[in-house]
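> Structure in structure tokens, see below.
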Amino acid sequence: MTVTSAADAAEARLEDTQTLVSAGRTLFTRYGYRQTGFADIVGESGLDFAYARELLPDKAAVFGALVERTVKVAGLLRPALAEGTDEDLPARLARVYLPLWEPGEEEESPLVELYRIGLSDKEASEVLRARITETLNATVDHEPAVEDTDAHTALFGGQLVGVAIVRHLLGVRAVSALDLETLIERITPGLRQTLLSPDTTE
């Protein structure tokens, strides 16, 4: 096999993988994660079953690939991490992350769709958590100057995701009615406390 043919084959596999992932997204959104089987996804994609299993072995792998494709948060967060001071970091991260949940002109945010699928099933939720953690850890190398950084970062991420879920999935009016900048201003003190404040003991 020549270099050109090998590259063409690799590109074809990548395209077919994305076809499989797109089929999974369609069925997960339409029927839910639990009600969708791998065979259903393959049928929707139009690919050969054995070949599809070579690309992604099961529906958890399909959903994991969908998470990786959808979650571009880590790359988008890099400018926020690189610019400014640590004191302003929580607000900068919020201003990059929370707008990703805002709906477009004609459809809801892909992140809302992704979390709606992920939170509907235990297995999907575990895949969602693991893949997002892997993606963020692989690209974000900034660490705040506090002890037990992992705990501070996890709690900070939980706060941001929680606000987004309350605003977009639960639709709590007191939160969803706020304009985004006002919302960020109100939550920033708590985000700063979680991410940057040192632990204290009595």
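> Per-residue HN-Hα couplings for the range 158-165, Karplus 6.51 cos²θ - 1.76 cosθ + 1.60 at θ = phi - 60°, whole Hz, x for Gly and Pro?
x, 5, 5, 5, x, 4, 5, 5
> Applying the Karplus parametrisation 6.51 cos²θ - 1.76 cosθ + 1.60 with θ = phi - 60° to the phi angles of the range 178-184, what ³J(HN,Hα) value in whole Hz is obtained for each residue in order, glycine and proline being reported as x?
6, 6, 4, 5, 5, 4, 5
> Which order do the peptides 111-123, 18-30, 185-197 take when ranked by the mean count of other beta-carbon atoms within 10 Å per residue, highest first? Working shown, then result.
Numbers: 111-123: 17.8, 18-30: 19.5, 185-197: 15.8.
The most tightly packed comes first, giving 18-30, 111-123, 185-197.
> For LEU170, what accessible surface area do you get with a 1.4 Å probe? Give it in Å², rounded to 10.
Accessible area of LEU170: about 120 Å².
The values are calculated or read from the model by the stated rules, or taken from the named source; none is laboratory data. Because the structure is a prediction, the values reported are computed rather than measured. Neighbour counts run over all protein chains shown; Cβ positions are idealised from the backbone, glycine included. Only protein heavy atoms, including side chains, enter the accessible area calculation; ligands, DNA and RNA are left aside. Shrake-Rupley method; radii C 1.70, N 1.55, O 1.52, S 1.80 Å.
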